[in-house]
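Student: Attaching a single structure in structure tokens format; questions to follow.
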Amino acid sequence: MVIVAGHLVVAPEHRESYLADCVSVVEKARRTTGCLDFAITADLVDPGRIDIFECWESQAAVKAFRGSGPSEEQDAATLAASVSEYDVADVRSLT
């Protein structure tokens, strides 16, 4: 299993339009084989922060979906980013 997690920073006045542009990306990811979860959400505290969380069955599934990455518009709107991939060896359900 692969977890992709972190955050992006955008100008607060552009966050809502950035997130609106991500709706189709989230929908596509969730329909992709190997995607277990995918979310791009507004941070509850920081008005310029966008939280990223993805859970995939495998690295191959991540690579198949990722393709060319973010659009030019998204790259231009991103002021900073801190996103990492984690290879998960074991999972314990908390529910």
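Every number here is computed from the coordinates shown, using simple stated rules; none is lab data. On a predicted model such as this, the values are computed, not experimentally measured, just so you know. All Cβ positions, glycine included, derive from the backbone under ideal geometry; neighbour counts span all protein chains shown.
Student: Convex hull over the alpha-carbon atoms of the chain: what's its volume per residue in Å³?
Tutor: 108
Student: Give me the net charge of ALA81's neighbourhood, meaning all other residues with Cβ under 12 Å from the Cβ of ALA81; Lys, Arg count +1, Asp, Glu -1.
Tutor: -1
Student: By the scheme Lys and Arg +1, Asp and Glu -1, what is the net charge of all other residues having a beta-carbon under 13 Å from that of LEU36?
Tutor: Neighbourhood net charge equals -1.
Student: Can you pull the one-decimal nm distance between simple spin-label points at ALA42 and LEU94, each 7 Å off the Cα toward Cβ?
Tutor: 2.5
Student: Report, in deg cm²/dmol and to the nearest 500, the calculated mean residue ellipticity at 222 nm for the chain, where each DSSP H run with n ≥ 4 adds -39500 (n - 2.57) and the sum is divided by the residue count.
Tutor: -9500 deg cm²/dmol
Student: So, one more: Pairs of Cα atoms under 8 Å, at least six residues apart: use those to get the relative contact order of the chain, whole percent.
Tutor: Relative contact order of the chain: 46 percent.
Student: Considering only the other residues whose Cβ falls under 9 Å of the Cβ of ARG49, what net charge follows from Lys and Arg at +1 and Asp and Glu at -1?
Tutor: -2
Student: Could you give the dipole magnitude of region 2-87 about its Cα centre, charging the beta-carbon of Lys and Arg +1 and that of Asp and Glu -1, in debye to the nearest 20?
Tutor: The dipole of region 2-87 has a size of about 260 debye.
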